[in-house]
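Structure record follows, encoded as structure tokens.
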Protein chains: 2
Amino acid sequence: MKLYDMELSGNCYKVRLFAALVGIELELVPVDLAAGEHKQSPFIDLNPWAQVPVLEDGEVLLRDSQAILVYLARQYGGHQWWPDSPVHQGEVMQWLSTAANEIHAGPNVARLIDKFGYPLDKARALAVSDRVLPLIERHLSEHRWMALGRPTLAECAVFPYIALGWEGGVTLEPYPAIRAWIERIKALPGFVAMPGV
Amino acid sequence: MKLYDMELSGNCYKVRLFAALVGIELELVPVDLAAGEHKQSPFIDLNPWAQVPVLEDGEVLLRDSQAILVYLARQYGGHQWWPDSPVHQGEVMQWLSTAANEIHAGPNVARLIDKFGYPLDKARALAVSDRVLPLIERHLSEHRWMALGRPTLAECAVFPYIALGWEGGVTLEPYPAIRAWIERIKALPGFVAMPGV
């Protein structure tokens with residue numbers, strides 16, 4: 001099973017992290033974004049959105065990190081991480097949306113600007129971070145994990161860009177519960193890091 | 001089952017639309033965002049994120065439109081709309097992420113600025129729209145529906161803000177396949193509109 005990957009992408013790391021935690025073997029295919037490889041054939045034919053990660057598992061071809069997480073959990077025995085019950089799936093799904101929306105627009109965009117020079121709005125990225133991180137801090141001061149009292153896909157989706165936010169000037173200094181949660185994730189059996197985490 | 005709702009919110013409309021399409025009865029509880037009702041008790045106690053929609057179904061309490069869609073489909077017999085199989089779930093999930101990310105940051109933000117006076121970056125919202133709509137146009141010129149060859153939760157999540165984009169200056173004039181898809185959705189049994197759609 002191939003993961004089209006970039007080492008420094010937090011979205012790719014979401015998939016690498018989950019695969020490591022549940023013991024799925026991935027063949028990593030590096031895509032050189034700096035050289036524009038994602039905007040050319042053959043990559044653009046796999047994913048017209050010109051984004052990593054992309055998963056290729058036999059006939060299955062998926063873009064989007066959250067979609068790949070859901071597929072992998074359901075296909076390869078990760079029911080603890082992406083449960084069947086309607087309400088449990090809804091609870092985890094809340095955090096997958098938060099990852100695709102606020103975490104993306106906040107810490108991720110701040111990092112894209114500072115680390116990769118993207119011409120995006122830094123003040124806006126910091127404002128989104130300042131709105132969302134206290135909400136997550138409050139949640140984690142009352143819960144050990146994002147949802148269901150245990151690690152789920154919510155951790156894999158939300159953790160990477162929060163842990164990488166310092167590369168965009170988004171400090172976790174005011175958020176002890178988030179920092180403790182990060183340490184709990186790092187202590188999970190099978191945990192793998194990426195540069196900056 | 002209560003939906004804390006605002007009539008002009010496309011995110012709330014996603015839920016009202018799906019409920020209408022599959023015949024789920026919702027008790028709508030209007031939240032007056034203009035008066036700041038979402039930032040005060042009792043609403044803020046239900047959802048500290050201060051956002052609509054919120055679903056209350058007995059003991060179940062969920063924020064986030066995509067999470068509510070997944071819960072409702074799984075709980076109330078919408079398996080056609082949110083299937084069990086790993087790859088089918090992954091394929092629909094791609095579009096739920098697109099709704100939470102690009103559709104949110106593009107047509108939705110453009111509309112928030114023009115219609116509600118939010119102090120956000122209009123040029124950026126239009127740029128995101130100009131990137132994502134041609135990709136969706138291309139997809140819909142090859143497929144009748146977002147995923148699986150039939151209407152799924154992907155339609156309920158992606159359609160509202162694309163159809164409302166004109167209120168933010170995002171025209172669909174260059175996108176005949178998107179316009180034809182919108183007409184197919186409007187022809188679905190049970191379809192309900194909202195102001196602007």
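The values are calculated or read from the model by the stated rules, or taken from the named source; none is laboratory data. Just so it is clear, the model here is predicted, and its values are computed rather than measured. Reconstructed Cβ throughout: ideal geometry from the backbone, glycine too, with neighbour counts over all protein chains shown. Heads up: the accessible areas ignore ligands, DNA and RNA and are worked out on the full protein's heavy atoms, side chains in. Shrake-Rupley method; radii C 1.70, N 1.55, O 1.52, S 1.80 Å.
Quick notes on this structure:
- Per-copy distances of the B:P42 label point, shortest first, in nm (7 angstrom along Cα→Cβ): 6.0
- For segment B:1-122, taking the reciprocal of the average inverse distance between every pair of different Cα atoms yields a Kirkwood hydrodynamic radius of 15.4 Å.
- Beta bridges per DSSP with both ends in chain A, % antiparallel, nearest 5: 65 percent
- Hydrodynamic radius of segment A:86-186 per Kirkwood, over alpha carbon pairs, in Å: 13.6 Å
- Listed pairs A:K2/A:K39; A:K14/B:K122; A:K14/A:K186; B:K14/B:K186; A:K14/A:K115 exceeding 21 Å between Cα atoms: A:K14/B:K122
- Spin-label model, A:E25/A:V60: points 7 Å from Cα along the beta carbon direction are separated by 1.7 nm.
- Under the Debye formula (equal points on every Cα, no solvent term), log10 I(q)/I(0) of segment A:36-91 at q = 0.17, 0.25 Å⁻¹: -0.62, -0.94
- If R0 equals 41 Å, the separation of the Cβ atoms of B:R179 and A:T171 corresponds to a calculated FRET efficiency of about 0.35.
- Mean silhouette area of segment B:100-155, derived from the convex hull of its C-alpha atoms and averaged over all directions, reads 4.3 nm².
- Mean partner shielding of peptide B:53-63, defined as the number of other chain Cβ atoms within 10 Å of each residue Cβ, is 2.
- Cα centroid separation - segment A:94-129 against segment A:22-49, whole Å: 22 Å
- Where only DSSP H runs of four or more residues are counted, chain B gives -14500 deg cm²/dmol as its mean residue ellipticity at 222 nm, each run worth -39500 (n - 2.57).
- When exposed loop sites are taken as GluC sites (Glu not before Pro) in a DSSP loop with at most 15 other Cβ atoms within 10 Å, the longest stretch of chain A clear of them is A:60-197.
- Among residues other than B:L28 with Cβ under 11 Å from its Cβ, the summed charge is -2 (Lys and Arg +1, Asp and Glu -1).
- Kirkwood-based shape ratio for segment B:1-49, expressed as Rg/Rh from alpha carbons: 1.00
- Computed over the protein assembly as shown, the P(r) tail beyond 40 angstrom holds 8 percent of alpha carbon pairs.
- Cα point-scatterer Debye curve for segment B:146-197, base-10 log of I(q)/I(0) at q = 0.16, 0.23 Å⁻¹: -0.46, -0.95
- Percent carbon-and-sulfur accessible area, segment B:86-186, ignoring ligands, DNA and RNA, probe 1.4 Å: 54 percent
- Counting Cβ atoms of other protein chains within 10 Å of each residue's Cβ and taking the mean over peptide A:124-136 gives 1.
- Sites B:F191 and A:I44, calculated FRET efficiency, Cβ-Cβ separation with R0 35 Å, nearest 0.05: 0.50
- Buried area at the B-A interface (accessible, heavy atoms, 1.4 Å probe, summed, Å²): 3300 Å²
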